[in-house]
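Inspection log for the structure reproduced underneath, given as structure tokens.
The values are calculated or read from the model by the stated rules, or taken from the named source; none is laboratory data. Source: prediction; values computed, not measured. Reconstructed Cβ throughout: ideal geometry from the backbone, glycine too, with neighbour counts over all protein chains shown.
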Amino acid sequence: MNTSTSFEAMNIFMLLYVIIMVLIGITLVILGIKLVLKLIKLIDAQTALNKERLKALQIENFDKR
């Protein structure tokens, strides 16, 4: 009986370990997706800012002619 009880306890701990590892994995994937979305948003904002600066420079250079 003692061996089967310890075996069942070990199975329970292994199951808990697997569940925790799966949850950590899911959390890391979600955080990674959020980070990628933030980076894409930042890149888009930087691109828009660069386009505005380029337009301003083109207008400034056109006025100098």
Point to revise | Qualifying position, being at pLDDT below 95, in a helix (DSSP H, G or I) and surrounded by 10 or more Cβ atoms within 10 Å (Cβ to Cβ), among LEU49, LEU23, LEU28 | key: LEU49
Study note, to complete from the structure: Across (1) modelled with pLDDT under 90; (2) of a type in the set (Asp, Glu); (3) surrounded by 10 or more Cβ atoms within 10 Å (Cβ to Cβ), ASP63 clears everything bar (3)
